[in-house]
Structures are given as C-alpha cells and as structure tokens.
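The values are calculated or read from the model by the stated rules, or taken from the named source; none is laboratory data. It should be emphasised that the depicted structure is a prediction, and the values quoted were computed from it without experimental measurement. Positions of Cβ are generated from backbone atoms using ideal geometry, with glycine treated the same way; all protein chains shown enter the neighbour counts. Ligands, DNA and RNA are excluded from the accessible area calculation, which covers all protein heavy atoms including side chains. Shrake-Rupley method; radii C 1.70, N 1.55, O 1.52, S 1.80 Å.
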Amino acid sequence: MRRDAVAKKAKQGKKGGAQTGGTPATVALTAAGVPFTVHTYEHDPAAASYGEEAAQALGVAPEQVFKTLLADVDGALTVAVVPVSGSLDLKALAAAVGGKRAAMADPAAAERSTGYVVGGISPLGQRKRLPTVVDASAEGRPTVCVSAGRRGLEVELAPADLVALTGARVAPIARD
C-alpha cells in the first residue's frame, strides 16, 4: 500500500485502537471483536467512480476493493458487494437470493434503508439488516476493502468476517 499524504491508515482490531465517534460500520466491527484496518484518503467530489478512486488512493488492486450496491429484488431491497473492477450481474443477484427480477434500487431508498449516503454505503452497520450477497471472488483474497460508511473511508478485513457479520451469501454476482 502506498504510504503518503493521500492514503493514511489507522490500525484497529480486537484489542483496542477503536476510535471514538466511528461510523456505524467501524463500531459494529469493534463490537464484534473483528480485526480490521481503517484506510482514509482525500475524497475528490469530481471522481467518476468512488470505488476506483479508493483503489487508486490506497494503492491497491481494484479487485481487492469492493463496492456496496443496493438492488430491488422482487420488491425487496438487497445488498450486493462486488469488486470495483467489475459490475453487478442483476440476474445472478436475483438468482442468488431466490428472486426472479432485480433492478438497481432508487438511491434515496438505499440511503434511507442503510443510513449511509451513496458513495459511502457500507455493507456493515446498516440501519436495517438486508439480505446481502458477496461476490465469490472475495473468497480467494486474504483481505478485502469495503466502505467504512463515508466517502474517503475504507475498512479492510477478511472476507470470511465480512460474510459472517453481514449474514451474507456468497455467489458469483459480478461480471467483468
């Protein structure tokens, strides 16, 4: 990882280091006793892609940074966590949760349901627990980065911990 003024990191984990005033995502991780690392960077409001911006700022491969998307599957909001290097396969997401049809959720509905703003939606610590699917590509990585609950803030953790804390299913839901 690049260590410069753009990307700073603060280690957090099981034995303290928790910062007061954290996001709901970091609070949930700390409460669960899960080891994680917080990465911060200066968010550029003009960035075309929040996820690609995060990968570049943190100096990690885009395949390691996962974006959190919300879809409407047969009338129910569903969380999809896919690498920023690809896109969400809506048919695969619907199939993964036993649905027939999926469409991207309305951004306002996503914000209301999760408690986060678009571009900073974390799969962790959401206001309302929603069905969640993590792309199968996460399983082959020692760690993944997901939003920590606001733009310019990522959390790095083991994929198994992400799956366990969100109650997620793992399925191939991304396409290149």
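Table: residues versus (1) in a loop (DSSP other than H, G, I, E, B); (2) modelled with pLDDT under 90; (3) of a type in the set (Gly, Ala, Ser).
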residue: Asp4; (1), (2), (3): yes, yes, no
residue: Val27; (1), (2), (3): no, no, no
residue: Asp44; (1), (2), (3): yes, yes, no
residue: Ala48; (1), (2), (3): yes, yes, yes
residue: Gly51; (1), (2), (3): no, yes, yes
Taking the range 146-168 and keeping residues of a type in the set (Val, Ile, Thr) and assigned to a helix (DSSP H, G or I) leaves Val163, Thr166
Expected output for the range 159-176 (first residue of a type in the set (Val, Ile, Thr), partner part of a loop (DSSP other than H, G, I, E, B), Cβ below 7 Å, 6+ apart or cross-chain) is Thr166/Pro123; Thr166/Leu124; Ile173/Asp89
Residue set Ala92, Ala160, Ala171; condition within 23 Å of Thr37 (Cα to Cα) and surrounded by fewer than 21 Cβ atoms within 10 Å (Cβ to Cβ); output residue Ala160
Of the residues in the range 70-89, those that are open to solvent by 50 Å² or more (accessible area, probe 1.4 Å) and either over 17 Å from Ala174 (Cβ atoms) or out of contact with any Asp or Glu (no Cβ under 9 Å at 6 or more places or on another chain) (or both) number 3
- Task: Determine whether the range 127-144 contains at least one residue that is open to solvent by less than 20 Å² (accessible area, probe 1.4 Å), more than 14 Å from the chain's Cα centre (by Cα) and more than 17 Å from Ala55 (Cα to Cα).
- Result: no
How many residues of the range 34-45 are open to solvent by less than 50 Å² (accessible area, probe 1.4 Å) and over 14 Å from the mean Cα position of the chain (by Cα)? The answer is 4
Filter the range 46-60 for residues that are open to solvent by 20 Å² or more (accessible area, probe 1.4 Å) and in contact (Cβ under 8 Å) with a residue 24 or more places away in the chain; the one that is farthest from the chain's Cα centre (by Cα) is Gly59
